Amino acid sequence: MPADILKIDRAFLSGLPGDAPAAAMLEEILEVARKLNLAVIAEGIEDAGQLDLLRSLGCDMGQGFLLASPSPSPVLEALLASGARLQPPARMDAPANGV
């Protein structure tokens, strides 16, 4: 297969974590990616519940406003040149609805 990364569109995260069918679909997408030996990046992570769910399902990478806001290229170039890594927020407690 000519790909090594699968990118999950933000549309798949919009109802999470409270939308059980959407969560089940996301879980299966991640399972298929694992079977194909693909790394997975989810885009559009905007709240802690989405991040927690993705972590619990074993998603490899993520992007979105919760993790970092868009930055001008000089800022990103300086970050890359420094060799530093962005760290996502620490694992957060499960939401009150128990998901």
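The values are calculated or read from the model by the stated rules, or taken from the named source; none is laboratory data. In this text the structure is predicted, and so the values were computed from the model without any measurement. All Cβ positions, even for glycine, are placed from backbone atoms using ideal geometry, and neighbour counts span all protein chains on display. SASA here: full protein model, heavy atoms, side chains in, ligands and nucleic acids out. Shrake-Rupley method; radii C 1.70, N 1.55, O 1.52, S 1.80 Å.
Of Arg85, Arg55, all but one fail to be modelled with pLDDT under 95, over 11 Å from the mean Cα position of the chain (by Cα) and of a type in the set (Lys, Arg); the exception is Arg85.
Of the residues making up the range 52-68, those that are closer than 21 Å to Asn37 by Cα, not in a helix (DSSP H, G or I) and not acidic (Asp, Glu) are Leu57, Gly58, Cys59, Met61, Gly62, Gln63.
Within the range 27-49, the set of residues being assigned to a helix (DSSP H, G or I) and modelled with pLDDT of 95 or more comprises Glu27, Glu28, Ile29, Leu30, Glu31, Val32, Ala33, Arg34, Lys35. Residue count for the range 1-18 satisfying the condition of being open to solvent by 60 Å² or more (accessible area, probe 1.4 Å) and not in a strand (DSSP E or B): 8. Tally time: how many residues in the range 42-59 are surrounded by 17 or more Cβ atoms within 10 Å (Cβ to Cβ) and within 19 Å of Ala3 (Cα to Cα)? Counting residues in the range 42-59 that are surrounded by 17 or more Cβ atoms within 10 Å (Cβ to Cβ) and within 19 Å of Ala3 (Cα to Cα) gives 2.
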